[in-house]
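Reviewing the structure listed below.
Where a number appears in this text, it was derived from the coordinates with a stated rule and is not lab data. Source: prediction; values computed, not measured. Every residue, glycine among them, receives a Cβ derived from its backbone with ideal geometry; neighbour counts consider all protein chains shown.
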Amino acid sequence: MTTSAQALIEAAFADRSLLKNSAHKEAVLDTLEKLDKGLLRVATPPETPEGNWTTHAWIKQAVLLYFALRGMEKMEVGPFEFYDKIPLKHDLDKANVRVVPPGTARYGSHLEPTAILMPGYVNIGAYVGAGSMVDTWATVGSCAQIGRDVHLAGGVGIGGVLEPPGATPVIIEDGAFIGSRCVVVDGVRVGREAVLGANTVLTASMPIIDVTGTEPKELRGVVPPRSVVVPGTRMKKFPAGEFGMGCALIIGVRKESTDRKVSLNAALRDFGVSA
């Protein structure tokens, strides 16, 4: 993608009347095609594990402009009927992506070869890495970034973000396991090979408390690599009394001595984490 295409998209986002011009329109359509094929990503990973992800606001602007260019239309897929602006992904067999009915991936999302989508949902702008599974009724929100060999268990909700364009999407790094009914939103980053126990909720403001040492250590918005995390509560005083407020607890780490699959099973046994 050339710098000129980025400039065209940024100009059209500031003045949508420019979408009447073919150059601006084609810049949007070309960007969405590259997103769909995985040639572009809304956010790109760092070169080193310690680095930060880079969010490309102009690509999210292109997604928003694509909605403006599209009209509502009826789409029929076998016995199913849809009425929407965004078409579904095509040529999944050529891409070596398994999608189990009625799993749905929107155009403009990308699933790498060997990714599996059970009857769940992947929204526009999202990226799902090779070997990852989006399990039954799990949802991957717009622009969320899911790494390789990730398991999003049944009913997981990964939040999406389109506006503001500069906002960081949810990032689930390689090898992570997200347990059943977990919710991860607000640009939270889950580090590589981390484990979230069932029903864990992570938001930008939710305290993530490491209780593995002699003193608690509080984090927000990020789960360190290989952490084992479970839902917790922390007491807080209010005028009406003292009540438990939701938080997440880091209770251990996955062991280096075992591979990912064995380590996951060991984590569930050792720490009593529900999946």
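Brief remarks follow.
- Local net charge near Leu19, Cβ-Cβ under 14 Å (Lys/Arg +1, Asp/Glu -1): 0
- Summing +1 for each Lys or Arg and -1 for each Asp or Glu among the other residues whose beta-carbon sits under 12 angstrom from that of Arg70 gives +1.
- Other residues with beta-carbon under 9 Å from the beta-carbon of Pro87 carry, at +1 per Lys or Arg and -1 per Asp or Glu, a net charge of +2.
- Ranking Val184, Leu162, Pro101 by Cα position along the charge dipole of segment 57-203, where only Lys, Arg, Asp and Glu carry charges on their C-beta atoms, puts Leu162 farthest toward the positive end.
- Given their separation in residues at 0.36 nm each and the Cα-Cα distance between them, Glu26 and Asp84 gain 18.8 nm when the chain is fully extended.
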